[in-house]
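Some notes on the structure that comes next.
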Amino acid sequence: MRWRIRPPSPSRRPSTGDDGSEGAEGEPATLTVGVLPINAVAPLYLGIEKGYFKQEQLTIEPQTFQGGAEIVPAVMAGDVQIGFSNSVSLIIAQSKGLPVQIVAEGETSGANKADDNTALVVAKSSQLRSPKDLEGRTVAVNTLQDIAEVTTNASLEKKGVDVSTLKYVEVPFPEMVPTLEGGDIDAAFVNEPFTTVAERAGHRFIVRPYTETAPNLPIAPWFTSRQYLEDNQDVVERFRRALERASRYAADHPEEVRSTVLDYTETPNAIAQQMSLPNFAVGSRRTGTR
């Protein structure tokens with residue numbers, strides 16, 4: 001699957017700042033950006049910290065949501081100008097005629113399980129040992145009918161599981177492991193940094209949903225509404241330019257990604273130092289590291 005990303009307009013070219021970096025010719029703008037409390041959005045925060053958005057005369061105000069499916073209506077309503085959402089939620093939105101427009105690549109899955117940020121986890125005290133044991137059980141995802149549920153089903157079906165017997169419930173990512181440990185659910189879909197939280201607590205991984213669905217799966221791009229793009233193309237182009245610069249920086253500076261995650265999640269430093277990092281998609285370049 002490849003997203004069609006709106007190409008930059010040739011109407012404006014970046015200027016060069018005193019430090020040699022690219023600046024912007026457009027008017028100052030403030031963008032509310034919908035994000036999730038996961039490490040895949042670290043480039044946005046790094047871009048703010050490094051001044052990349054400021055150099056484009058953009059003020060970024062992140063707003064945290066529980067899942068990508070919630071970000072779509074916020075963008076469509078104009079409450080949020082740019083959003084980070086999973087590919088499934090955007091495909092569903094397009095199928096319903098919603099005018100979503102991809103503006104930048106975000107995250108892809110790794111090529112193998114060792115590079116996967118996600119896991120379907122059962123408690124260490126659970127009697128559930130294999131994928132088949134999950135039949136008829138309750139599985140938590142951050143939001144229903146998005147990429148977490150779709151890839152969990154796909155990866156379990158490959159193991160011979162009758163996924164029609166599963167009961168899905170919504171639990172926010174930060175509450176996944178405590179809810180699992182409390183016995184209210186049988187299994188939890190976790191994403192980093194919560195995958196490492198679950199691993200350090202000794203909980204068992206049943207499948208790795210993303211890579212066991214498909215290697216190098218497009219996970220989550222950045223998007224806006226078609227109307228906002230048409231009315232504010234220069235602003236969106238400057239956002240994309242700063243974000244791509246930040247994504248390249250994130251790919252080359254994993255230690256700073258780990259530090260930045262501490263600022264917008266409640267991740268302990270010990271977890272941040274161990275967690276797997278996303279495959280930040282920058283054009284044809286995708287990199288990730290443990």
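Numbers at a glance
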item	result
Residue count for segment 61-87, restricted to those that are under 12 Å from T224 (Cα atoms) and either surrounded by fewer than 23 Cβ atoms within 10 Å (Cβ to Cβ) or of a type outside the set (G, A, S) (or both)	13
Unmet criterion (only one of (1) assigned to a helix (DSSP H, G or I); (2) crowded, with 21+ Cβ neighbours inside 10 Å; (3) in contact with a strand residue (DSSP E or B) (Cβ under 7 Å, 6 or more places away or on another chain)) for T179	(2)
Residue in segment 254-277 that is touching a strand residue (DSSP E or B) at 6+ places or on another chain (Cβ under 8 Å) and buried (at least 23 other Cβ atoms within 10 Å of the Cβ) present	no
Residues being of a type outside the set (S, T, Y), at pLDDT 95 or above and outside any loop (DSSP other than H, G, I, E, B) - total across segment 151-176	10
Meets criteria (of a type outside the set (V, I, T), surrounded by 24 or more Cβ atoms within 10 Å (Cβ to Cβ) and in the same structural domain as T260 (by TED's automatic domain parsing)) for F53	yes
Test: T224 is crowded, with 24+ Cβ neighbours inside 10 Å, of a type in the set (S, T, Y) and in the same structural domain as A74 (by TED's automatic domain parsing)	yes
Members of segment 227-240 that are basic (K, R) and either surrounded by fewer than 22 Cβ atoms within 10 Å (Cβ to Cβ) or at positive phi (or both)	R240
Residues that are surrounded by fewer than 17 Cβ atoms within 10 Å (Cβ to Cβ) and acidic (D, E), drawn from segment 88-143	D133, E135
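The values are calculated or read from the model by the stated rules, or taken from the named source; none is laboratory data. Nothing here was measured: the structure is a model prediction, and the numbers come from that model. Don't worry about glycine lacking a Cβ; one is built from the backbone with ideal geometry, like all the others, and counts go over all protein chains shown.
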